[in-house]
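The values are calculated or read from the model by the stated rules, or taken from the named source; none is laboratory data. Note that the coordinates shown come from a computational prediction; the quantities given were computed from them, not determined experimentally. Because the Cβ atoms are built from the backbone with ideal geometry, glycine has one as well, and the counts that use them run over all protein chains shown. Accessible surface areas use protein heavy atoms only, side chains included; no ligands, DNA or RNA. Shrake-Rupley method; radii C 1.70, N 1.55, O 1.52, S 1.80 Å.
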Amino acid sequence: MAVDPRNTSRRCPECGHIAKENRLTQEKFHCVSCGHQAHADKVGALNVLRAGLVRRNAPPA
Ligand SMILES: [Zn+2]
């Protein structure tokens with residue numbers, strides 16, 4: 001399974017919607033599709049779990 005690590009911080013953990021608009025600020029996540037809100041770090045962590053080794057192999061930001 002391939003996961004694009006670039007989307008980990010803007011992918012909704014609830015519905016899977018990916019949009020840069022989901023990431024209002026560095027800290028806040030608000031899904032424009034389902035309205036899910038969370039701390040961006042938590043969203044990133046959830047998505048990194050999915051991304052797994054792909055994320056680990058990505059170059060540092
Ligand atoms: Zn959503």
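Can you pull the percent of region 5-56's accessible area that's carbon plus sulfur, 1.4 Å probe, other chains left in place? Heavy-atom surface of region 5-56 belonging to carbon and sulfur, 1.4 Å probe: 50 percent.
Protection proxy ranking of 7-14, 39-46, by the mean of other Cβ atoms within 10 Å over each peptide's residues and highest first, is 7-14, 39-46. For region 5-56, the mean projected area of the C-alpha convex hull, equal to one quarter of the hull surface, is 3.0 nm².
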